[in-house]
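Novice: Just dropping this structure here.
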Amino acid sequence: MLPGFSLSLGITLTYLSLVVLIPLLTLFLKTAQLSWPQFWEAVAAPRVVATYLLSFGAALAAALLNAAFGLLLAWVLVRYNFPGRKLIDTLVDLPFALPTAVAGIALTALYSKNGWLGSLLEPLGVKVAFTPLGVFVALVFIGLPFVVRTVQPVLEDHDAEFEEAAASLGASRLRTFAQVIFPAVLPALLTGFALAFARAVGEYGSVIFIAGNMPYVSEITPLIIITKLEQYDYRGATAVAVVMLFFSFVLLLAINLLQAWSARRSGRQP
Amino acid sequence: MNGLFAAGHRYGRFETRAATRDPAWVKWTLVGLGVSYFALFLLLPLISVFAEALRKGWEVYFAAIVEPDAIASIKLTLLAAAIAVPLNVVFGVAAAWAVAKFDFRGKQILITLIDLPFSVSPVVAGLIYVLVFGLNGWFGGWLREHDIKIIFAVPGIVLATVFVTVPFVARELIPLMQAQGKEEEEAAVVLGASGWRVFWQVTLPNVKWGLLYGVILCNARAMGEFGAVSVVSGHIRGLTNTMPLHIEILYNEYQFAAAFAVASLLALLALVTLILKTFVEWRQAKAIAAAQEDAHS
């Protein structure tokens, strides 16, 4: 038996309680002071509901796009050798390392009327900056690494012998991909999708610069919490925060189950 | 997310076998699509940071960086990281030791709780500290009587930074220490080494690259956090503005070149972070390969 169990667990629990759990508990205690009608009025006001639709809708769309292209990027990085592979492999994590405010102003500059991309898209009638589409673009940026980084190790570990067996039985490459490779990476793909989605729903820094923040149109849920806070509407801010937190817990649970499934799936593969 | 164990693989091995080789047109179509997506959504924003920063020339660039409010924001950012990172290293090491070396009930719940700050919106993270320490918060009255300011002051910024960076070191160390097991430590204890000696001479050398990896990621997030810090800061120029908040203020005042100049410093930090991370992954892969060779010989 190794020493240090009570010391290390003691530090862990004390720190976690002081920094994370007790402050989070405050949120629920504060909300418990509200009556149901008060709570409902805060979280179901039309302007707040509009933010849920945008935050969840744009996050879902961005996570879906990143699921498709994340799988493609992971495949390309694992399977093929091509010039620039190493550079892409290193820079894929950029959204984890680049501060969100920096990403936000950079994307806004790119997609605004005079920007490199905005000046190309504007004549086509596509407006990105200061519209809901801008929210989507920002969420694509910050969610990009999640699927790549969850799928990549699974693809790397996937044994070439399965594909040889499929090929020797006469399966086409496409059929081998659909019936042998894809099922193996599916749990990791879903995990990455859920992680990207969870991150995007709560994202603030990269979105507020490009969104334009118009009530009912391009206002995200985290922003309405800040707006309420600035108007000293602590109750309203807290109530909306509880809704977001509840959703975070549900997603966290889903991610844990997916990861357990993913581990079982890859554990069964010899 | 966890790239540590993946780094040692040989690339191109799929292209040498007939059964796993794709036709050239498939390969280059997919590579083209992937590279375009990467260039459009990652590379262009990164390049535009530097292009915008230098749009009005080097003179404006340097003036924006050495201006007193910018210097103050750089100092505050460094201070917040200098407190948050060591705290989370101590926590991460303790948590990994408890989780990886011992069995106890509720371990899985503990691991989930450690990851919790990743799932909480940064804005909510800031809000909870306002509810605890703000004027109308639980300790608001007491703090005011004793003339202590936490919210809209430096301590609040440090607290918010600590919160969002809690999981980084722990989540790198836990899988690593779990994979390494506890035989080596138990052998050292049997030979009469004290607990601290076991930690410093057996455990730490085994996990040093993983620990460094966690520290690098933790530091990047600590210096770049925006949402949580924004809620508790109060945005007082020269006093409670970190670099990301300073960028926001400059940007909202239409001082774009100055905003991007300060932003370019953080973008450089991000690039250094990614290069260090790649280096550490490479060292880690070498260490694992060496350990496997030892085990076979």
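The numbers here are math on the coordinates, done by the rules we state, and not lab data. Keep in mind that what you see is a predicted model, and the values were worked out from it rather than measured. Here the Cβ is made from the backbone with ideal geometry for all residues, glycine too, and neighbour counts use every protein chain on show.
Novice: Need one number: convex hull volume per residue for region B:63-134, Cα atoms only, in Å³. Before the final figure, lay out the partial values.
Specialist: Numbers: hull volume 9.9 nm³, N = 72.
Output value, Cα hull per residue: 138 Å³.
Novice: For residue A:130, enumerate residues with amide H under 5 Å from its amide H, sequence gap 5+ or separate chain, H modeled in the peptide plane.
Specialist: Close amide H contacts, sequence-distant or interchain: A:211, A:212.
Novice: I'd like the distance between the alpha-carbon centres of region B:159-179 and region A:76-126, rounded to an integer number of Å.
Specialist: 28
Novice: So, one more: Going toward the positive end of the dipole of region B:33-174, with +1 on Lys and Arg Cβ and -1 on Asp and Glu Cβ, which of B:167, B:108, B:90 do you reach last?
Specialist: B:108
Novice: Determine the distance separating the Cα centre of region A:153-177 from the Cα centre of region B:75-152; give it in Å without decimals.
Specialist: Distance between centres, Cα-based: 46 Å.
Novice: Mind giving me the FRET efficiency for residue B:18 and residue A:114? R0 is 60 Å, r the Cβ-Cβ distance, nearest 0.05 is fine. Can you show the working numbers first?
Specialist: Details: r = 52 Å, r/R0 = 0.87.
It comes to 0.70.
Novice: What percent of all Cα-Cα pairs in the protein assembly as shown falls in each 10 Å bin, counting up from 0?
Specialist: 3, 16, 27, 27, 18, 7, 2, 0, 0
Novice: Using a 10 angstrom cutoff on alpha carbons, build the Gaussian network for chain A and name the most mobile of A:79, A:199, A:149.
Specialist: A:79
Novice: For chain A, what D do you get in µm² per second when you plug the Kirkwood radius from alpha-carbon pairs into Stokes-Einstein at 25 °C and 0.890 mPa s?
Specialist: Numbers: Rh = 21.3 Å.
Here the translational diffusion coefficient equals 115 µm²/s.
Novice: Under the rule a/c < 1.5 gives rounded, and otherwise a/b versus b/c splits prolate from oblate, where does region B:126-236 land using the Cα gyration tensor? All intermediate terms of the calculation are to be shown ahead of the outcome.
Specialist: Details: a/c = 3.91, a/b = 2.35, b/c = 1.67.
In terms of gyration-tensor shape, prolate.
Novice: For residue B:179 and residue B:107, what is the calculated FRET efficiency with R₀ set at 25 Å and r taken between the beta-carbons, to the nearest 0.05? Don't skip to the answer; put the middle values down first.
Specialist: Working: r = 16 Å, r/R0 = 0.63.
Calculated transfer efficiency: 0.95.
Novice: Ranked from highest to lowest mean number of other Cβ atoms within 10 Å per residue, what is the order of the peptides A:183-194, A:209-220?
Specialist: Numbers: A:183-194: 21.8, A:209-220: 20.2.
Order by mean packing, descending: A:183-194, A:209-220.
Novice: In degrees, nearest 10, range 0 to 90: what is the angle between the Cα axis of helix A:132-157 and the longest Cα principal axis of chain A?
Specialist: Value to nearest ten degrees: 40.
Novice: Hey, another quick one. About the Cα centre, and with charges only on the beta carbon of Lys, Arg (+1) and Asp, Glu (-1), how big is the dipole of region A:172-270? Nearest 20 debye, please. Walk me through the numbers before you get to the answer.
Specialist: Working: 8 positive and 4 negative charges, 153 e Å.
For this selection, approximately 740 debye.
Novice: Among the lysines, which fall within straight-line cross-link reach of residue B:75, defined as a Cα-Cα distance under 21 Å, with same-chain neighbours fewer than 8 residues apart omitted?
Specialist: B:149
Novice: Any chance you could give the angle, 0 to 90 degrees and rounded to 10, that helix A:234-268 forms with the longest Cα principal axis of chain A?
Specialist: 10
Novice: Here's a follow-up. What are the ³J(HN,Hα) couplings of region A:4-14, residue after residue, when phi is run through the Karplus curve with 6.51, -1.76, 1.60 and θ = phi - 60°? Round to Hz, x for glycine and proline.
Specialist: Result, ordered by residue: x, 5, 5, 5, 5, 5, x, 4, 4, 5, 4 Hz.
Novice: Run through every distinct alpha carbon pair of region A:182-256 and return the Kirkwood hydrodynamic radius in angstroms, one decimal place.
Specialist: Working: mean 1/r = 0.0714 Å⁻¹.
This gives a value of 14.0 Å.
Novice: Just name one of A:3, B:150, A:234: the one whose Cα is farthest towards the positive end of the charge dipole of the protein assembly as shown (beta-carbon charges, Lys/Arg +1, Asp/Glu -1).
Specialist: In the protein assembly as shown, that residue is A:3.
Novice: Further question on the same structure: Quick one: putting +1 on the C-beta of Lys and Arg, -1 on the C-beta of Asp and Glu, what dipole do you get for chain B around its Cα centre, in Debye to the nearest 20?
Specialist: Working: 22 positive and 21 negative charges, 95 e Å.
Here chain B has a charge dipole of around 460 debye.
Novice: How far apart, in nanometres, would the label points at residue A:256 and residue B:196 be if each is projected 7 angstrom from Cα along the Cα-to-Cβ direction?
Specialist: Taking the two extended label points, one gets 3.6 nm.
Novice: Can you spot the aspartates and glutamates whose alpha carbon is less than 16 Å from residue A:113's alpha carbon? Ignore those fewer than 8 places along the same chain.
Specialist: A:122, B:52
Novice: Would you mind checking the tilt of helix A:46-79 against the longest principal axis of the Cα atoms of chain A, expressed as 0 to 90 degrees and rounded to 10?
Specialist: Relative to chain A, helix A:46-79 is tipped by roughly 20 degrees.
Novice: Continuing with the same structure: Obtain the nm distance between the two label points defined at residue A:168 and residue A:18 by a simple spin-label model: each point lies 7 Å from its Cα along the Cα-to-C-beta direction.
Specialist: It works out to 6.2 nm between the two label points.
Novice: Something else: Do me a favour and compute the ellipsoid semi-axes for region A:31-102 from its Cα gyration tensor, root of five times each eigenvalue, largest one first, whole Å. Don't jump to the answer; show the numbers that get you there.
Specialist: On the way: eigenvalues 355, 41, 19 Å².
Semi-axes, largest first: 42, 14, 10 Å.
Novice: Can you give the charge dipole size of chain A about its Cα centre, rounded to the nearest 20 debye, using +1 on the beta carbon of Lys and Arg and -1 on the beta carbon of Asp and Glu? Show your work: numbers first, answer last.
Specialist: Values: 16 positive and 14 negative charges, 33 e Å.
For this selection, approximately 160 debye.
Novice: To continue, here is another question. Label-point separation (nm) for residue A:230 and residue A:81, each offset 7 Å from Cα along Cα-to-Cβ?
Specialist: Calculated label separation equals 5.5 nm.
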